[in-house]
Amino acid sequence: MEKLRVVVADDEDIIREGMCNYIPWEELGYQLVGDAYDGQLLMEMLASTPMDVLITDIQMPKATGLEVIEEINVRKLDITVVLVTGYDEFDYAKRAIHSRIVFDYLVKPIDLSEFTELLRRLHEEICERRRRLQLPLLDQREMAKLHEEEAEVLEEKVQKIMICVSHGEKQDALAAFERFWETLENHQYEENLVRRVCLELAFKLRWALIHRGMSGVRWCFDLGDPLCSIADCPDSKTLRTYLVGLISCFCDAVAPTDFKHISPLVKACADSIRQEYCNAEFSLQALAEKMNVSANYLSTCFKKEMGVGFLRYVNGLRIMKAQELLADVRLRTYEIANMVGIEDQRYFSRLFKEQTGLSPSEYRAML
């Protein structure tokens, strides 16, 4: 299990020491690398102590947790934050959770089981996001067409695009894309290879968007299927224009305003869906029971805030995952259906065609 480095910050000694000493960090996949008793020390630790996760009180002497979040954003650090708050600070926590780097919040007194479950969810989400971003851009057959050095250069340029997009930095992302595109043009790769590289870039962007912003799936629905869009580009100029537009839209989608109308309930539901959508037993009723609300109420809230219904959201994720799995010719269609949580192959094929306009076999033939 990948170990995530975590720092705990709270000016109340009993709470800080309790979190440090009574949470089974190692068992949950974390390494406790430090703690801070005030905001100034925590600010200094941002520069001196590498961390993946920060668990911080909102109200601390010398600098608040919200000021620390602002500093993390300014420095563009890849740190995910969990806020700890008292009931009198609850509104601050609800507003802060709209920040893209805030995963969730805990209300004092902290419930140990709730805290442990939150840490499990956070670990899964961060590891999945990293796994998506680190997937090889090209498979082994395509790698053989490139020199190892050329493939590494392309990977590096793609990673720069991904980092900029994940921070919503449109101008930097577009500049990184231009450098990526220049590399493709300078080497004069064959057209099919260029399209394949661009398709992989689009897939990476799409998953990064889904795992960064609550309304990511809405954007992905609106923007359509990358394969069909890339296949419809008659020449490299059109392909470049499409990718520039895609990157621009994705940068807009991860802006902080993406979160402002999302309640904690719906955010928690979206988090659970992204973790469990490949489970065939996953359902609206099961999710509603987990959230302690009725299925009808959850369905209404989810559609109102996300702009898309529960089933469409889940099936959208399933079909997006299936599109990537179809690139592996070793997998049969029924295996892919099972891997994305759909046990009926005929239903899977019908759903796939409804969302992409192609059958799974037709889609695979275009890859």
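The values are calculated or read from the model by the stated rules, or taken from the named source; none is laboratory data. Note that the structure is a prediction, hence the values are computed from the model and not measured. When we count neighbours, we look across all protein chains shown, and the Cβ atoms used for this are built from the backbone with ideal geometry, even at glycine.
Below, the figures for the structure above:
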quantity: Residue among 269, 220 that alone is at pLDDT 80 or above and out of contact with any strand residue (DSSP E or B) (no Cβ under 9 Å at 6 or more places or on another chain); calculated: 269
quantity: Test for residue 348: is it over 23 Å from residue 191 (Cβ atoms), among the aromatic types (Phe, Trp, Tyr) and over 24 Å from the mean Cα position of the chain (by Cα); calculated: yes
quantity: Meets criteria (out of contact with any Gly (no Cβ under 7 Å at 6 or more places or on another chain), modelled with pLDDT of 90 or more and closer than 21 Å to residue 114 by Cα) for residue 41; calculated: no
quantity: Residues of region 154-197 satisfying the condition of being among the acidic types (Asp, Glu) and under 24 Å from residue 228 (Cα atoms); calculated: 155, 178, 182, 185, 190, 191
quantity: Any chance residue 310 is modelled with pLDDT of 85 or more and out of contact with any Ser or Thr (no Cβ under 6 Å at 6 or more places or on another chain); calculated: no
quantity: Any hit, region 126-135, residues being assigned to a helix (DSSP H, G or I), in contact with an Asp or Glu (Cβ under 9 Å, 6 or more places away or on another chain), at pLDDT 80 or above and crowded, with 17+ Cβ neighbours inside 10 Å; calculated: yes
quantity: Selection from region 340-350 of residues that are farther than 19 Å from residue 206 by Cα, touching a residue at least 40 places away in the same chain (Cβ under 8 Å) and not small (Gly, Ala, Ser); calculated: 342, 343
quantity: Answer from 289, 281, 276 - the residue that is outside the structural domain of residue 195 (by TED's automatic domain parsing), touching a helix residue (DSSP H, G or I) at 6+ places or on another chain (Cβ under 9 Å), surrounded by fewer than 15 Cβ atoms within 10 Å (Cβ to Cβ) and at pLDDT 85 or above; calculated: 289
quantity: So residue 341, is it surrounded by 18 or more Cβ atoms within 10 Å (Cβ to Cβ), closer than 19 Å to residue 199 by Cα and assigned by TED's automatic domain parsing to the domain that holds residue 268; calculated: no
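The rows are residues; the columns are (1) in contact (Cβ under 8 Å) with a residue 60 or more places away in the chain; (2) closer than 28 Å to residue 233 by Cβ; (3) not small (Gly, Ala, Ser).
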| position | (1), (2), (3) |
| --- | --- |
| 309 | no, no, no |
| 315 | no, yes, yes |
| 320 | yes, yes, yes |
| 325 | no, yes, yes |
| 352 | no, yes, yes |
| 356 | yes, yes, yes |
